[in-house]
Amino acid sequence: MKIEKRATLVIAAFLILLGCAAAPQHPSRIEVAGSRNLRDLGGYRTMDGREIKKGLLYRSDHLGQISKGDLEKLPALGVKTVYDLRGEKEQETFPQRLPEIVPVKVVSLPIFYQGLDPWVTARRIVISGDVEDGEFHQLMIDAYRAYALDFRSQWSSLLQGLAEPGTLPALIHCTYGKDRTGVAVAIILRSIGVPREKVMEDYLLSNKFWESKTDMYSCLANCASCFRTPRSEVRALMEVRPEYLQGAFEAIDEHYGSFDNYLDQGLGIDEQTLERLKTALLE
């Protein structure tokens, strides 16, 4: 079997296995077969004492593997708008699965860091195994910094869209619902005044839902590479870590001086838009 074909088969098998086992339960998580990281962001308190309304803002991994039976659960969420942060190839690999009985507007806001191309990265892990110690950890920090600085128009569109009447409830997702979605949600939560420690707490929850798959993926990748790629390097890709999101925050502070300046100068979000956003999401 040709190397490229073997790599493709192994990668596809990993992606399928990642969606199989059940995820741990959590009060914010919505039980849907085929999705590990679908959860309601309602309940987080802001620094001025308000709270995000439940049933208005959801985050998730991709919706391409939701079972037919559980697809019927989605209309109960009342989602009107889905923000898809995946690149074109990812969208082609796992097309959206949405219930047809409820009209849902899908807004594509592609966030794609070339250094994390999943097919190129997987081939490196499985075929070449030439991964240096700590390389992927640093790669993730670099990616998060790029997410914050290089995709400002997407984040601006997201915030402005959520502030528009009639767009909620909304769901935001990427492929695994942890990195690009993690940055998106962090920007939203900080915009409406959720304390930074709570933003980090929500971000790190993804590890809880992906832990069993992270163990499986790192073991399979290590074996498939003939034990050349360390499990620790695969875990660096699959986990969310405080220093990753901190890298995004630090990039924002370095370039704009503060998060408020980032919203104003970087994203073009004025006070009126912020107030509409807070009014829409908070009680």
Quiz prompt | Counted charge near L267, where neighbours are those whose Cβ lies closer than 14 Å (Asp, Glu -1; Lys, Arg +1) | solution = -3
Exercise. Compute the separation of the alpha-carbon centres of region 77-121 and region 169-210 and state it in Å as a whole number.
Key: 16
Practice problem: Could I get the Rg over Rh figure for region 30-87? Both from C-alpha atoms, Rh via Kirkwood, rounded to two places. | Solution: 1.02
Quiz item: How big is D for region 155-200, in µm² s⁻¹ as a whole number, if Stokes-Einstein is applied with the Kirkwood radius of its Cα pairs at 37 °C and 0.692 mPa s?
Solution: 291
Self-check item: Length added when fully stretched, S67-E201, from 0.36 nm per residue minus Cα-Cα
Solution: 45.3 nm
Quiz item: By the gyration tensor of its Cα atoms, with a ≥ b ≥ c the square roots of the eigenvalues, what is the shape of region 43-135: rounded for a/c under 1.5, prolate for a/b over b/c, or oblate?
Solution: oblate
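Taken together, the values in this text are just the output of simple stated rules run on the coordinates, not laboratory data. All figures in this text were calculated on a predicted structure; none of them were measured in a lab. Positions of Cβ are backbone-derived with ideal geometry, glycine not excepted, and every protein chain shown enters the neighbour counts.
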